[in-house]
Structure formats: C-alpha cells, structure tokens
Amino acid sequence: MNKAIDAASAASMNVAPSADERSPFAQHDDADNFRCKPPVRYPLLVVISALVLATLFLCGLFAEQLAPTGYATQDLASRLSPPVWLGGKSGLLGTDFLGRDIFSRLLYAVRISLLVAFAGTLISCTMGTILGFLAAHRKGWTDEMVMMLVDFQASMPFVLIALAILAFLGNSLGLFVAVMGLNGWERFARFTRGLARSASARGYVAAVRAMGASPLRIYLRHILPNIAGVLIVQFTLNFPSTVLLESSLSFLGLGIQPPLTSLGAMLGEGRNYLINAWWISVAPGTVIFCVTLSACILGDWLRDRLDPTLR
Amino acid sequence: MLAFILRKTLRALLTMFLVVTFTFLILRISGDPTEVMFPDDVPQEVKDAYRTAWGLDRPLPEQFAKYLISVGHGDLGYSFRDSRPALDVVTERIPATLRLGLCSFALSICLGIPLGLCAAFRRNTFLDRLATSVSVMGYSMPNFFLGILLILLFSLKLRLLPSSGSATPEHLIMPVITLGTATAGIVARFTRTAVLDVLGQPFVMAAKAKGLSVSRLIFGHVLPNAAIPVITILGLQLGSVIGGALVTETVFAWPGIGRLLVQSVNYRDLAVVQTIVLIIAASMIICNLLVDMAYGWLDPRIRSERAGN
C-alpha cells in the first residue's frame, strides 16, 4: 500500500516530461502505477506462522531421519529423565515413563496428527463441496435433505457425534480418520451451495451453459475455480479445528491408539506424571498450540485477502 | 408470530427426530449387543433368549417404532455398569455439569463482551490488537492443555487450588477458567465485529453529535443494536461449552455428564451414551429455538416482518 502511494506521489511531484521525451511505454508504465494492485505485503506474524507450519510439516515428513531413536524404543534405565538442558541424563526433551525419547516421539506424533487432520479436512472439504453443488444443482428435495443434514450437524457439538460413533462402532485408524472427515463438512456445503447458486445467475455460467457444457463441466471447470478462494479459506480454518478435535479425542484415550502416537495421546499419557515429569505433557501441548495458532493466523489473513464476501 | 413459532418448533422436532434416528442407526450398525455384552463361552440359547427378550429378532422398522415409543416414554435402557436405568445415572450428574457450564458461560460473557467492546471502540490501537490476539490465542489453546498448565501452576507449584474434585467452590475456579476462556475469545471477536458494524451507522453519529455520554451511547444505542449477532453466537457457543466440558471434566475429575460420557464410551455402556447424546441434543435444540424466539423480542423489525408474513 505504502509503496503504491510513494510511487503515486513521486509521479505527481516529478516535473512532467515534454511530449517528445515521452515514449508510449513510459506513459503506459505511469498509468499502470496507478492502476495495478499494491504489492502483497506479508505481515510478520503471518510469515512466522507459515514458517512454523512448514517446519512442522517437514519434521513430520522426515521423522525417521530426524529422530535420534525410534518412537517406541524403550530405555528403562533412564525413565522420567528431565530434558538435557534441565540437567537430565538423556534426550533433548527428556524421556517418558518407559524411558522413550520424547523428542523422537514428538516427531512421529506430529506426523500422525498432521496427517489425520489433513486427511480429515480433505475429506470434509470434498464431501461438503460435492453435497453443496448437488443441493445447488438439484434444488427441491435434494436441497431440503442436504440442508436438513447441515442443520442437524450444526446443531450438535461435533465432539459428541464423534464420541457416539466411536463408542458404538469401536475404534480403528480408518474409522477415526473418517470421523475426522465428518468434522465441518456442513460449512463447506453451506458455502458451496450459496456461492454456486449465486454463480449460476452470473453471465459466465449462462454463457458456458448456452455453449452446451454439461453440468459436471460447468461446476468443476467454471464454478469451482471461481469459488476456490472461499473454500481454501475454509480449509485453512477447518484444519486447526480438526487438529483440536483429534488431539482432544486422543487425549481422552478414544482417538489414536497405541502403539501409534499422536500429540493428544502423548499429552494424555503425560497427565498421570504431572507431579514428577511435567515435560511429558508440556512438550506435545506446546506443539498443538503452535499448530492451531499458526493455522488460525494464516486462515484469518487468507480470509481477509481471498473472501470476496468480506469486501 | 404464531406461525413463525410453530414453524420453528416443527423444525426443532424434526431435528430431534433426526437425532433419535441417528442414535438408533449407529446402535444397530454397531452390531448385535448380545455379542458385545456376553463372553464367548455363553451358550447360544442364552444369547437367543436375550435377543428375544429385547426384541432384537424383530424386523428393523418394528424395532425402530418400538425404540421411538420407548424414547418418548423416557425409557432409555439400562446401564450395564450400574444396572440402573440409564436416565437415572445421567440425571444425577446433570447438576454438576450445569454448575460448571453456567459459570463458564457467565465468565465468557463477562470477559468476552467488554473485551470486544473495548477492541471496537479503540479500533487499530494497541488495545485492539491485544484483544484480538488474546481471543485468537484463547481459541487456539486446546482446553486440556490449558487445564494441565493451570494444574501445574496453581496446584503443583503454588499449591493454591485443588486439582480435582468438586467439593468446595474453590474446585470450580480452574475448570471454569479452562472452559470459559476459549468461548470468551470467540465471543470477543464476534462482539468486536458486531459493534464495529453498528458504530458505522448514521444513528451512532447522531447520538454522538447530541453529546451523549459514552455509557449512554454504549448501553442505549450500540449494545441493543449489536445484540443479535452476539446472541446468535452465544447460542452456538453453548455447543462448544458442552463439547469442552467433556474434556475439562475429565482433566479436573469433575463429576458431570461429560466425564460420565467419556467413561461410558470407554466401557461401551451404550445405553448411557445414547441417553447423554439425546439429552444434550434436546437441550441444544431447545436453546437454538429460544435464540430464534429472542430475535423477535430483540429486534422490532423482525417482529413486524413476521407479522407481515
């Protein structure tokens, strides 16, 4: 923004060059200075958030290479040892009640947590978008049914639905990811439906329809790219809420089951050792907080930039 | 107005019907309860006898009709663990959860609305940024982690507050902080947006030009007009308070329905799980209904619009 203003004031302060000095290109450039958007400025907080998320993604990706020991390697001789920088015997972040290295476990937990949250958000985004398009396209009964399901989901705390499903159907990794995929689909569906309906009334859709494009082609090739901004924002905002849901359930012992571990599961294990080994639960808790905070900051910033309904 | 209330009530009943169908469906998908309940060495005849006694051998639509009737009569089955009616097991836990939930809700209102107001009135100042960051942090902080940090600080380090149980009012402090702050962040955010919207209206400028004091301006003009979005989000937040109570009650060993639900899921005490799901769903639906009704009372424009229909 500031740069654009600088350029504008510089241009106005300059003595106007005589007509023969002016090349057509220069004139063009001058006009562009006024017309084009100000260059994107990335607030410091957003850059930090993006870096934090990227680092954690890389940590999860290269967990095997980065971890000093395996995530299940036990060393009973050095159980509950505090972090090295607090005078402990072993481990960057200390060890847990079985002598497992917390730093190594944390890397693997980050991998599982991010993977589950990412897969869950992807599922809910896909499902919500498809149902939203379906509701917008078919109208009538289909629309009513989808909106009734949306209302149903929105009127219940999702953690309750998730718990009920896990209680009745038992727990497996596949089912757990599927349950995560149910989180927040109603928001995708509601946005997609609304935007697709308003897009259908726009000229470009009428034009491709008149050219004989199939509904599938209209929705996927023409409407979807036009509403992608809103969906990306929703994706970024849905991600931290799925991370929180996953870690809450795993914390309660109802999510990721041993021998696999996730950030919430580690926190839940550490809860029983708060008195003599606080580092077991503080390390994964801090990581969860960093993930959700960064994703929220990033999502808010993206929403301000990409969501046309806010302008 | 009457038509509006009727329509909303009908919709609420429909949602409740969906919830009941949902519990019935997953109860049936989960497989035969006799297989889950009894050890493998129980003879098949015994299992069959129980299946007949519970009507599990009847066709699904008939089972569903019977299920609907019994739910309508408040008969929600027996708790396997307590061998008492599930409804009794759950209702005796409700007061504890209500105490925790209402206090947290009050905290989030008392914290969130003033914070949002301050942020809106001092827009783009340090105070605004502080309030916004606090609310984002409150939302991002997992409440189980906040609870554990509070226990570490106040119970283990400073030895000021009890870490678990519900005997004295002191026991209430940490769970309420844990549960209330997350909601407070969201309430603050929505209050800020709603108040900013109102502050841009001409009538606020007129009120200012008349020379009204700040308190008259806030309480007489800004708050009533910003109330609708704030009330809406408060109604929606009730769900997140209930969801948060599951975790918070477990962290602080609070004897409410949240902890009961987690325990029942662990033991697969299905009757109790379904009772809790139905009770929470019913209270959420009633709350949303009340929020919808409150609109008409809060905003005369909506009232006349409805009367016009």
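Quick notes on this structure:
- For chain B, size of Cβ-based charge dipole, Lys and Arg +1, Asp and Glu -1, in debye: 1700
- Sum of side-chain charges, A:Phe251 neighbourhood, beta-carbon under 12 Å (Lys, Arg +1; Asp, Glu -1): -1
- Net charge contributed by nearby residues that have their C-beta within less than 14 Å of B:Phe145 (K/R +1, D/E -1): -1
- Computed over the stretch B:210-309, the P(r) tail beyond 21 angstrom holds 55 percent of alpha carbon pairs.
- When the helices of chain B are scored as -39500 (n - 2.57) per DSSP H run of n ≥ 4 and the total is divided over every residue, the value at 222 nm lands at -24500 deg cm²/dmol.
- Net charge in the neighbourhood of B:Pro202 (other residues with Cβ under 14 Å of its Cβ; Lys, Arg +1, Asp, Glu -1) is +1.
- Selected from B:Thr248, B:Leu6, A:Ala50, residue furthest toward positive end of dipole (the protein assembly as shown; charges at beta carbon): B:Leu6
- Using alpha carbons only: equivalent-ellipsoid semi-axes of the stretch B:2-91, gyration tensor based, whole Å: 32, 15, 11
- Note that chain B carries a Kirkwood radius of 22.6 Å, evaluated over its alpha carbons pair by pair.
- For chain B, the residue among B:Leu153, B:Cys118, B:Ile233 whose Cα projects farthest onto the positive side of the dipole built from Cβ charges is B:Cys118.
- 10 Å Cβ neighbours from other chains, averaged over peptide A:143-150: 1
- Taking the C-alpha atoms of the protein assembly as shown, convex hull volume expressed per residue in Å³: 249
- Projected over all directions and averaged, the alpha-carbon convex hull of the stretch A:123-173 occupies 4.3 nm².
- Residue exposure sequence - B:Asp197, A:Asp75, B:Asp292 - by fewest surrounding Cβ within 10 Å: B:Asp197, A:Asp75, B:Asp292
- A simple spin-label model places the labels of A:Val40 and B:His73 6.4 nm from each other, with each point 7 Å out along Cα-to-Cβ.
- Between B:Glu170 and B:Leu212, the modelled label-to-label distance comes to 4.6 nm, taking each label 7 Å out from Cα in the direction of the beta carbon.
- Between the stretch B:284-300 and the stretch B:171-239, the alpha-carbon center distance in angstrom: 17
- Helix B:170-199 and the longest principal axis of the Cα set of chain B meet at an angle near 50°.
- Rg(Cα) / (2.2 N^0.38 Å) computed for the stretch B:94-255, rounded to two decimals: 1.17
- Working ranking of peptides B:151-161, B:127-137 by packing, defined as the average number of other Cβ atoms within 10 Å per residue, highest first, is B:127-137, B:151-161.
- Ascending count of other beta-carbon atoms within 10 Å, so fewest first, for B:Cys287, B:Cys110, A:Cys296: B:Cys110, B:Cys287, A:Cys296
- Taking other C-beta atoms within 10 Å as the exposure proxy, A:Trp301, A:Trp185 rank A:Trp301, A:Trp185 from fewest upward.
- Given +1 at the Cβ of Lys and Arg, -1 at the Cβ of Asp and Glu and no other charges, the dipole of the stretch B:2-91 around its Cα centre is 780 debye to the nearest 20.
- Convex hull projection area averaged over all views, the stretch A:91-228, Cα basis, nm²: 11.6
- Separation between Cα centres of the stretch B:71-120 and the stretch A:47-64, rounded to whole Å: 38
- Net dipole in debye of the protein assembly as shown [+1 Lys, Arg Cβ; -1 Asp, Glu Cβ; about Cα centre; nearest 20]: 1640
Each reported figure results from applying straightforward, stated rules to the coordinates on display, with no laboratory input. Everything numeric here is computed off the predicted structure, so don't read it as measured data. Please note: Cβ atoms are built from the backbone with ideal geometry, for glycine as well, and neighbour counts cover all protein chains shown.
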